[in-house]
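Worksheet for the structure shown next.
Quick note: the coordinates plus some simple rules give every number you see, no bench work behind them. Just so you know, these numbers come straight off a predicted model, no measurement behind them. Here the Cβ positions follow ideal geometry from the backbone for every residue, glycine too, while neighbour counts run over all protein chains shown.
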Number of protein chains: 2
Amino acid sequence: MNELEIINLISKNLTYKGNAIKSIGDDCAVFEINKTYLVITTDMMFKSTHFPDILTPFQIGGRLITANVSDIAAMCAKPLGIVVSIGISKEYANKKFIDELSKGLNFMAEKYKCPVVGGDTNKSNELTLCGTAFGLTDNPIYRKAEIGDDICITNDLGRVFCALKMIEMRDKGIINKNQFNKLMEKYPNITKKLCEPEARVKEGILINRLINSSCDISDGLAKDLFYIGGFEIYSEELLKVVPEDVFEFCEEFNINPIEAVLNSGEEFELLFTTKKYLKVKEELKRINTKVVKIGRVIEDGRYLDDNVFKFGGYLHRW
Amino acid sequence: MNELEIINLISKNLTYKGNAIKSIGDDCAVFEINKTYLVITTDMMFKSTHFPDILTPFQIGGRLITANVSDIAAMCAKPLGIVVSIGISKEYANKKFIDELSKGLNFMAEKYKCPVVGGDTNKSNELTLCGTAFGLTDNPIYRKAEIGDDICITNDLGRVFCALKMIEMRDKGIINKNQFNKLMEKYPNITKKLCEPEARVKEGILINRLINSSCDISDGLAKDLFYIGGFEIYSEELLKVVPEDVFEFCEEFNINPIEAVLNSGEEFELLFTTKKYLKVKEELKRINTKVVKIGRVIEDGRYLDDNVFKFGGYLHRW
């Protein structure tokens, strides 16, 4: 079975919806509480699949918070808190690791004003972290775009793809450890985006009333775009999302930068649609956040430069 | 390191508290939202440590919901929803398992009116489930008992201890598979309490205004009692908590029933303290829930039959 088949089967069986306004199928579930909205999301991470070995324990803690809070940001809501469950394997059951991990949790929690308020600690075979973040908003923003909306992205994309490519080349023996370390030094912002990504909380809150739909870039643009519905995007615009160091890296290793932009996951930038692009741009400029328009929402079909756009995302398979 | 050392280290580092009214240290974290209180809790479970092999996939799903909702019940709050993250190993990545597991989740979710509204699905080395349940109440009940309170327990305790003893005897070869199956048939309610425990949601809501403190029996009475502070309990009273089949089982296998009562974890009964015992008893009778008074809250010290009571709970160790 692949991930989608499993999710579809589970979703089909979860027929009881209670008082939820939104359940499975968006960045967060949504409930109304006394005229405001509670949004809630969960994200589970395993050492073997989610934490490249270049991450410090402090960064592992921070990344868990960011990945969860990013879904709150995608609803354009304000974080309220997070609970974190930890499964610790023998290898990690030492004071140094736990101390740094929890300091990393606290550091990012404070950054987003999203305190870690509870958790569960267990023995496990593999280091496992599960966060559940929740927040509040008077106006939750869903993935539902309107036809004619401009499709926009905050800041840039591609660095995480390059960072993972560096690790892949090292693991395959294409470059040695020394060359790998030099690459990390040569491209510090590429390394940083993998190790210390940031959720776009301020951005989400700032543009809440100006946009029609929003999600965060967690699986990679090629997959996340599909939540929008119909769209047309242009490589000329996508290239504006590529930062200078990604161009340089792509040239050095013969990678198409469009491929890097489309397949860079866990970037935690916001992908949103709006009919007020200029106003959004002006608002985000206030906090020095760039915004790039990459295309338009259309009634039907998915196109890149007038060619049919095929699903390019990664699916877990068992 | 043991569990307590790890929890203490993490707690010490989580200095940022945000707007939380209560964070780590109770059954749930608590936030105020427009004059009501949001309570939230998380519980992580691994195949190797949390799911005895006699559980069906349907029961595994149900138990995860119950374990989480039980902490909402311990706050005497009303469940609102739950998110569930799942790490699936190759062994369990099949339609039959996922189908039954998710039906079990939905069944118990509906029972508690606590819909599963989101989650995360991952590939993992070991079957891993993490739930985060949340609820609402106008009056969250904490673990803070008042001196002079009666200490009470809902229904009975001991069956889970006996069920795990059965499994232990089978695994150690003290009884064979055939004898084990006969025991399960002979003691159906012992088997049932392990496989299909229930959270005391109705009870918690019903007695919310009558009690001073509350928690759920998850680690076993011997450990959970320590949350109360000072106490004196009596074995004569504890014996009233033991159901008939546990007496019979204990006699058959030469176990002290007091030991069974004190060390039976994941019972999900409520342990609460009150100065209105008779009124509580009357209220709970309306839903056919028994309540037993086992002792009293005192200023200082912990006693069982006038002897000093030592910590008897289980600690994870790495």
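Can you put A:F46, A:F272, B:F180 in order of Cβ neighbours within 10 angstrom, beginning with the fewest?
Fewest to most other Cβ atoms nearby, the residues stand as B:F180, A:F46, A:F272.
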Using the 2.2 N^0.38 Å rule of thumb for compact globular proteins, work out how the range B:95-214 stacks up: its C-alpha Rg over that value, please. 1.40
When Lys and Arg each count +1 and Asp and Glu each count -1, what net charge do the other residues less than 13 Å away from B:S124, Cβ to Cβ, add up to? -1
In the structure displayed, which of A:K182/B:K90; A:K123/B:K293; B:K12/B:K193; A:K95/B:K17 lie more than 30 Å apart, Cα to Cα? A:K182/B:K90; A:K123/B:K293; B:K12/B:K193
Net charge near B:D156: determine it from the other residues with C-beta under 10 Å of the C-beta of B:D156, scoring Lys and Arg +1 and Asp and Glu -1. 0
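Quick one: order B:M75, A:M45 by neighbouring beta-carbon count within 10 Å, fewest to most.
Ascending Cβ contact count within 10 Å gives the list A:M45, B:M75.
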Taking the C-alpha atoms of the range A:244-290, how large are the radius of gyration and the largest Cα-Cα span, Dmax, in Å? 14.3, 38
With n ≥ 4 as the cut-off for DSSP H runs, can you work out [θ] at 222 nm for chain B, using -39500 (n - 2.57) per run divided by the number of residues, rounded to the nearest 500? -11000 deg cm²/dmol
If you look at just the Cα atoms of the range B:191-318, how large are its Rg and its Dmax in Å? 14.9, 46
Be a star and scan the range A:83-108 for residues whose amide nitrogen sits under 17 Å from the point 7 Å along the Cα-to-Cβ vector of A:D53. A:91-92
Once Rh for the protein assembly as shown is found with the Kirkwood sum over Cα pairs, what is the Stokes-Einstein diffusion coefficient at 4 °C and 1.567 mPa s, in µm²/s? 50
If Rh is defined by the Kirkwood formula over all Cα pairs and Rg also comes from Cα, what ratio Rg/Rh do you get for the range B:71-119? 1.06
In terms of the alpha carbon gyration tensor, root eigenvalues a ≥ b ≥ c, rounded if a/c is under 1.5 and otherwise prolate when a/b exceeds b/c or oblate, the range A:1-46 is oblate
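If you rank B:F231, A:F309 by fewest surrounding Cβ atoms within 10 Å, what's the result?
With the fewest neighbours first, B:F231, A:F309 line up as A:F309, B:F231.
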Please work out the Kirkwood hydrodynamic radius for chain B, using every pair of different C-alpha atoms, and report it in angstroms with one decimal place. 20.4
Which value in Å is the Kirkwood Rh of the range B:3-137 over different Cα pairs? 15.8
Show me, bin by bin at 10 Å from 0, the whole-percent P(r) of the range B:179-233 based on Cα pairs. 17, 33, 31, 15, 3
Total formal charge among the other residues, if their Cβ is under 12 angstrom from that of A:Q179, Lys/Arg +1 and Asp/Glu -1: +2
Sequence-distant residues sharing a close amide H with B:L127 (under 5 Å, placed H): B:K47, B:S89
